[in-house]
1. Which ones in region 39-61 are outside any strand (DSSP E or B) and surrounded by fewer than 17 Cβ atoms within 10 Å (Cβ to Cβ)?
2. Would you check if A14 is modelled with pLDDT of 90 or more and more than 25 Å from the chain's Cα centre (by Cα)?
3. Find the residue count for region 96-107, including only residues that are small (G, A, S), more than 23 Å from the chain's Cα centre (by Cα) and surrounded by 13 or more Cβ atoms within 10 Å (Cβ to Cβ).
4. In region 3-24, is there at least one residue being among the hydrophobic types (A, V, I, L, M, F, W, C), under 14 Å from V112 (Cα atoms) and surrounded by 15 or more Cβ atoms within 10 Å (Cβ to Cβ)?
5. Go through region 86-114 residue by residue and tally those that are in contact with a Pro (Cβ under 9 Å, 6 or more places away or on another chain) and under 12 Å from I43 (Cβ atoms).
6. Condition first: within 18 Å of T128 (Cβ to Cβ), touching a strand residue (DSSP E or B) at 6+ places or on another chain (Cβ under 6 Å), among the polar types (S, T, N, Q) and assigned to a strand (DSSP E or B). Now tell me which residues in region 62-108 satisfy that.
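The values are calculated or read from the model by the stated rules, or taken from the named source; none is laboratory data. The shown structure was predicted, so the numbers you read here are calculated from the model rather than taken from an experiment. Because the Cβ atoms are built from the backbone with ideal geometry, glycine has one as well, and the counts that use them run over all protein chains shown.
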Amino acid sequence: MNRPDIVERAIILASAEAAVREATGTTFIIGDLLARPVPRFSILAPPAGELQHGGHATVKIGIQATLDPIKTIRVQVNGRQVEEETPDIGSGGFGAGDRLLKVPVARGTNEVRITLVNAIGEKAETLTLLHEGDGTLDKRGTLYVLAIGVDKYPGLGNHCGKTGGESCDLAVSGRCACSHRGCREAAGSCPRQGR
């Protein structure tokens, strides 16, 4: 436990025991910690190293009952988060039992990491699967880029371009932007308006 506040008090009091007694959050009973564990689960199927086809793998997990229900199930494949499930509002969380997860995979070796989270903490299990042929994660989508032009900038006026009504280049420093608003600047240190 990293508690710089306790270390500081131990130096001042010249007693580690006295510093721990004074500190908040240091009184706990080991039984309390064991009664409220992080999620408990295991991967039931498929077996590690099994060859998959069709772009996805169906992974079956078995969730054991704990006092704190599961609030999130995260799935990562080769370090990339591919799925995050949260329970329905008002359900209190995912309960104990078996659960099937449809996991997209890529060609070749796939390290599937499944993480369950509750109020106490999280637990992760890893499974390595092989996929023959192109997987769902091998498909590339279309990247759309949106660029928006603005021609009026409050405080900078509208003095850009040859006619004075074109878009301004805002790749100038704040000091230069200030000069466009009439602030005093050293001559020649900022680009001219209307370039």
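1. Of region 39-61, the ones outside any strand (DSSP E or B) are 39-40, 46-50, 53-55.
Those that are outside any strand (DSSP E or B) and surrounded by fewer than 17 Cβ atoms within 10 Å (Cβ to Cβ): R40, P46, P47, A48, G49, E50, H53, G54.
2. Numbers: modelled with pLDDT of 90 or more: yes; more than 25 Å from the chain's Cα centre (by Cα): yes.
Judged against the criteria, A14 is a match.
3. Here is the first cut: in region 96-107, the ones small (G, A, S) are 96-97, 106.
After this cut, where a residue has to be more than 23 Å from the chain's Cα centre (by Cα) as well, the list is 96-97.
Of the ones still in play, those that are also surrounded by 13 or more Cβ atoms within 10 Å (Cβ to Cβ) are 96.
Adding up the residues that qualify gives 1.
4. Going through region 3-24, the residues among the hydrophobic types (A, V, I, L, M, F, W, C) turn out to be 6-7, 10-14, 16, 18-20, 23.
So of that shortlist, the ones also under 14 Å from V112 (Cα atoms) come out as none.
Checking region 3-24: not a single residue is among the hydrophobic types (A, V, I, L, M, F, W, C), under 14 Å from V112 (Cα atoms) and surrounded by 15 or more Cβ atoms within 10 Å (Cβ to Cβ).
5. Total meeting the criteria: 0.
6. Scanning region 62-108 gives a single hit, Q76.
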